[in-house]
Amino acid sequence: MFLTLNCLCAMMEDYITREVSKTTAAIEAILKEIVPLVERKVSSAEIHDCVKTELAGRLGLDIDTVLSKDDFINVLVSEYGFGNDSLNALAELLYTMLRNDEGKDEMHNAYAKAIVSVNKWLDGRGVTFSATRHYVLEEMNRYF
């Protein structure tokens, strides 16, 4: 039995859509896990460890290694199947991690810059603003 090119393309598109949805769902699940930690004012180191462990376990993603790359957004898109919703969820996750973190260490700055980069990338592509993107960009632009 032969599959037509259109059929193969449609199957591939469906597969990619499902993978992006899984990525977004995983990030949103991690976000739901850390919000109570942030509200209880758990240390930023514990929250960071939780997020790193969950991203590695659910997506095979070492967030610190990926964010250290100049083209980290392209890496997330091409190697980890991130779409606009996944990137938006990641920016929200990183922002939530930093909410109670008063530190200005290397990790804090890397995450803050990543938040700005993702939001500007999404904005540049005309992606509808999330509920928090404008606020986050305004706040982060004070620092970068």
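The values are calculated or read from the model by the stated rules, or taken from the named source; none is laboratory data. Everything numeric here is computed off the predicted structure, so don't read it as measured data. Every residue, glycine among them, receives a Cβ derived from its backbone with ideal geometry; neighbour counts consider all protein chains shown. Protein only, heavy atoms only, side chains kept; ligands, DNA and RNA dropped before computing areas. Shrake-Rupley method; radii C 1.70, N 1.55, O 1.52, S 1.80 Å.
Summary of values
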item: R0 of 25 Å, Cβ-Cβ distance residue 22-residue 125: FRET efficiency to nearest 0.05; result: 0.70
item: Mean accessible surface per residue for region 35-115, computed with a 1.4 Å probe while every protein chain stays in place, in Å²; result: 50 Å²
item: Partners for residue 120 among lysines (Cα-Cα distance below 25 Å; same-chain residues under 8 apart left out); result: 22, 32, 52, 69, 104
